[in-house]
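The next block holds one structure in the form of structure tokens; read it before the comments.
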Amino acid sequence: MAGDEEVRALGAMPCCSPRLALIIPTLREASNIRPLLLRVRAALDRCDVAYEVIVVDDESRDGIDQAVAEIAGEDPRIRLIVRRGEHGLAGAVMRGWAETDAELLAVMDADLQHPPEVLPRLLAELEAGADLVVGSRYAQGGDLRGWKPLRHFVSRMAVWMTLPVQRAGRRARDPMSGFFMVRRACIEGVPLQRSGFKILLEILACGEIRSVAEVPFTFGRRYAGASKANLRVAFDYLVLLVRLYRQKGRTPLRVEPDLAHAALESSQEAVGS
Ligand SMILES: Nc1nc2c(ncn2[C@@H]2O[C@H](COP(=O)(O)OP(=O)(O)O)[C@@H](O)[C@H]2O)c(=O)[nH]1
Ligand SMILES: [Mg+2]
């Protein structure tokens with residue numbers, strides 16, 4: 001729980017303990033939340049799992065409470081938590097996880113860039129034994145729709161910089177994805193940074209993860225509204241990366257040869273050569 005912040009919760013705790021909790025962090029996403037929640041519910045209702053969905057909003061004041069209330073009123077598995085005086089995607093996700101006892105924890109964005117129809121495949125990987133499953137834009141079959149080559153290249157470079165801090169044998173091709181599921185037991189007690197966007201990378205570097213699976217998906221276009229990614233997000237990413245490098249006791253220049261080779265290949269792919 002976050003200190004003495006004022007919190008407004010909408011919706012009731014579900015009657016039976018959910019096994020899966022999906023957290024959806026939101027900042028000015030009122031136009032997206034209804035279509036998203038309807039698609040999430042349709043996707044998860046097809047799975048044999050007790051679940052809940054927790055929307056964690058940072059005082060957007062854009063009508064998201066009414067939009068969630070319309071659905072939560074008829075479905076107690078859906079809840080809204082409004083954080084007051086706090087911002088940050090990672091902190092919002094951690095707040096949602098702290099509000100549930102579910103054994104399986106999931107995250108996705110609110111803007112429909114993460115297709116809810118992929119959720120059953122993510123869950124299936126956890127059920128099959130993976131500790132962490134990543135909705136992946138870079139796994140075979142994944143895609144980034146409409147990205148220009150330069151943006152692709154920068155993204156690939158950002159992934160490459162993470163390779164030394166990821167653990168051998170448990171690396172993800174898309175460690176910056178905001179679409180993933182993890183077993184609670186693998187992150188319990190692990191101190192995670194509350195600022196920034198890249199909670200998955202920290203989990204890969206610091207969590208008690210024994211196996212990682214990736215499920216490819218196409219990262220679509222934002223349905224409505226504007227991206228919240230900005231220079232601050234890039235700065236927080238670099239701060240996180242430096243901390244993880246320090247923890248590992250490595251420097252970015254000491255990249256293992258096999259990783260350098262993999263990065264070279266992926267950057268060539270990215271620029272289409
Ligand atoms: N609660 C909360 N959610 C946030 C914050 N920043 C971003 N988000 C949400 O995090 C998700 C990803 O943000 P988005 O702007 O789509 O990032 P992009 O896909 O990298 O452009 C969206 O659901 C945002 O509404 C924040 O400070 N607080
Ligand atoms: Mg987005």
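Of all residues in region 148-174, those satisfying the criterion of being in contact (Cβ under 8 Å) with a residue 40 or more places away in the chain, part of a loop (DSSP other than H, G, I, E, B) and not small (Gly, Ala, Ser) are 167, 170, 171, 173, 174.
State yes or no: is residue 177 within 16 Å of ligand 1 (Cβ to nearest atom), polar (S, T, N, Q) and not in a loop (DSSP other than H, G, I, E, B)? Against the criterion (within 16 Å of ligand 1 (Cβ to nearest atom), polar (S, T, N, Q) and not in a loop (DSSP other than H, G, I, E, B)), residue 177 does not qualify. Among what's in region 69-107 and is near ligand 1 (Cβ under 9 Å from one of its atoms) and of a type in the set (D, E, K, R), pick the residue that is surrounded by the most Cβ atoms within 10 Å (Cβ to Cβ). Of everything passing the filter in region 69-107, 95 is surrounded by the most Cβ atoms within 10 Å (Cβ to Cβ). Taking region 132-154 as the region of interest, how many residues are touching a Leu at 6+ places or on another chain (Cβ under 9 Å) and surrounded by fewer than 17 Cβ atoms within 10 Å (Cβ to Cβ)? Number satisfying all stated conditions: 1. Condition first: out of contact with any Phe, Trp or Tyr (no Cβ under 9 Å at 6 or more places or on another chain) and in a helix (DSSP H, G or I). Now tell me which residues in region 23-39 satisfy that. Answer for region 23-39, where residues must be out of contact with any Phe, Trp or Tyr (no Cβ under 9 Å at 6 or more places or on another chain) and in a helix (DSSP H, G or I): 30, 33, 34, 37, 38, 39.
The set of residues from region 212-235 being away from ligand 2 (no atom under 16 Å from the Cβ) and crowded, with 16+ Cβ neighbours inside 10 Å comprises 212, 213, 214, 215, 216. Right, residue 93: at pLDDT 95 or above, under 10 Å from residue 23 (Cβ atoms) and of a type in the set (A, V, I, L, M) or not? Answer is yes for this residue.
Restricting attention to region 214-235, the residues being without any contact (Cβ under 8 Å) to a residue 60 or more places away in the chain and touching an Asp or Glu at 6+ places or on another chain (Cβ under 6 Å) number 0.
Every condition in (1) crowded, with 21+ Cβ neighbours inside 10 Å; (2) over 19 Å from residue 217 (Cα atoms) holds for residue 110 except the one numbered (2). The residues listed here are 2, 9; of these, the one that is at pLDDT below 95, part of a loop (DSSP other than H, G, I, E, B), away from ligand 2 (no atom under 16 Å from the Cβ) and in contact with a strand residue (DSSP E or B) (Cβ under 9 Å, 6 or more places away or on another chain) is 2. Across region 194-228, which residue is nearest to residue 125 (Cα to Cα) among those that are hydrophobic (A, V, I, L, M, F, W, C) and more than 14 Å from the chain's Cα centre (by Cα)? Among residues in region 194-228 that are hydrophobic (A, V, I, L, M, F, W, C) and more than 14 Å from the chain's Cα centre (by Cα), the one nearest to residue 125 (Cα to Cα) is 213.
The values are calculated or read from the model by the stated rules, or taken from the named source; none is laboratory data. What you see is a predicted model; the values in this text were computed from it and never measured. Glycine also receives a Cβ, built like all others from the backbone with ideal geometry; neighbour counts cover every protein chain displayed.
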